[in-house]
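Okay, structure first, notes after.
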Amino acid sequence: MNGAEVLSFNVYLGAHDVWTAALTRDEQTGGAMLITRDESCTVPRIPEQGVALREVAYQGDSEAGIGRTSEGFVEVIEMGELLDEAETGFTPASWVSDPVDCEALRTAWSNEWAGDALRAVQEASGGLFGRATVINVAEGTSIAYRATALEGFWATGNTKHALAVSQTTVTLEDAAPTAALFDGVQAYFGDTDLAGVDAKLHGVNAVSAALMRERVFNTYTQAPEVAASTDWVITFPTRHYYINDAQPSAPFSEPWSAATSSACEPASLELWSRGAETPSVAPESGAGAPGAPDFSPRPPEGWLPDAGPVASGEPLLPAPSINDIELCNQVNVLSFGEGEVLKPSARIGHQVNAPYRNGWARVSFDRQANSLGLEGDDYYETLGLPAIGFAVVRSVNGNVGGALSNYAAENEHGYDTRIETITSAPE
């Protein structure tokens, strides 16, 4: 909800290695737990029965139950590459190769790395990528999506290696305070370590700048004839760095409230059918009131495409406004249709009453309230909020010939980016 940490640890991969794990329900606590059968090394060791995610970091919030650990996001940061010291016998790179020696790695944190965590560690080379799959066993669906990856996280010559539990653990604050942004074919290069900006946000702002979106758009379907539903996931992966102090920092506008367990950002939600109609009020006649403007194409009397016939004058949705919706969590789920695909809790879920069976929608952030600055040849402002996510569509066909016939698919969001050039940085 506010990006509170629920589990962190180190993973050590050999060359061309892959690490896999699963998040599942902890039947004892009702929260989430992580399990893995992978032989790659972790520090600390993950028990065979798994390890429960922890609610320690958000105690004091009104929403402080263990169930909160079942919804969130995963962040992975490459710290560096291991080397071998043949002359000293300290060979961590060999310990992560087949066969692995995970205990030697863990012991090193009490010996060699206790005094110098960068010993036999060189700069990260990049190239990490990942995927995740959401499996609903009861419904027989599997939904895969790819991780959002950033290139050039570390400044040249900068490396950091630390235990996840230490005070010096690696975070987004360690990112290089520079960003390369693209608006169409135009490239913008700038620094985020600006005067007047809290130093702990310099690196975070570079990550946020790379993910800034003025608008998020995607399709949806909620056609009843195939029992279709759509869930949109909109995640603000850097939000917790800006909202957990008494005063929020740009680009976010509201601080976290422990009393309500929320920090809301206003946004507008616009909806269209596949035929490009926007929600309106059904006209009194096919031609509408004399002289009254209407959306194009004008529908026939008593009918809106993809919505079916409606009573004359029946209101559907109000015209979009800046306060149409509020996104109050680090991870937000907008549900179109009655059969919520991802089964979000009331903590993060928002029901969208779209008037059409099928169409597309757009979420726009407040351009005046949400922006972030960079300084290069000029001073630039990128508008919106740092957001990532995807949509999931599911159709339920039930039991067909003795086989469960349900279908699900993932659609990546589309984004609009807006960058404005200002001659000099604001005073």
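Computed quantities for the displayed model
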{"read-out": "Among residues of region 217-228, those that are surrounded by fewer than 24 Cβ atoms within 10 Å (Cβ to Cβ) and outside any loop (DSSP other than H, G, I, E, B), counted", "value": "7"}
{"read-out": "Hey, Val121 more than 23 Å from Ser166 (Cα to Cα) and surrounded by 16 or more Cβ atoms within 10 Å (Cβ to Cβ) or not", "value": "no"}
{"read-out": "Residue within region 75-84 that is part of a strand (DSSP E or B) and closer than 28 Å to Lys160 by Cβ present", "value": "yes"}
{"read-out": "Residue satisfying condition, being surrounded by 14 or more Cβ atoms within 10 Å (Cβ to Cβ) and either free of Cβ contacts under 8 Å to residues at least 40 places away in the same chain or under 25 Å from Ala209 (Cα atoms) (or both), within set Thr141, Thr159, Thr133, Thr168", "value": "Thr159"}
{"read-out": "Whichever residue in region 380-427 is of a type in the set (A, V, I, L, M) and at pLDDT below 90 and, among such residues, is surrounded by the most Cβ atoms within 10 Å (Cβ to Cβ)", "value": "Val396"}
{"read-out": "Subset of region 6-32 (residues that are within 30 Å of Cys264 (Cβ to Cβ) and either touching a strand residue (DSSP E or B) at 6+ places or on another chain (Cβ under 8 Å) or at pLDDT 95 or above (or both))", "value": "Val6, Leu7, Ser8, Leu23, Arg25, Asp26, Thr29, Gly31, Ala32"}
{"read-out": "Candidate set from region 349-367 (those that are within 16 Å of Cys264 (Cα to Cα) and buried (at least 21 other Cβ atoms within 10 Å of the Cβ)); member that is modelled with the lowest pLDDT", "value": "Phe365"}
{"read-out": "Given (1) within 28 Å of Ala209 (Cα to Cα); (2) at pLDDT 85 or above; (3) surrounded by 17 or more Cβ atoms within 10 Å (Cβ to Cβ); (4) charged (D, E, K, R), index of the condition Asp377 fails", "value": "(3)"}
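The values are calculated or read from the model by the stated rules, or taken from the named source; none is laboratory data. Source: prediction; values computed, not measured. Don't worry about glycine lacking a Cβ; one is built from the backbone with ideal geometry, like all the others, and counts go over all protein chains shown.
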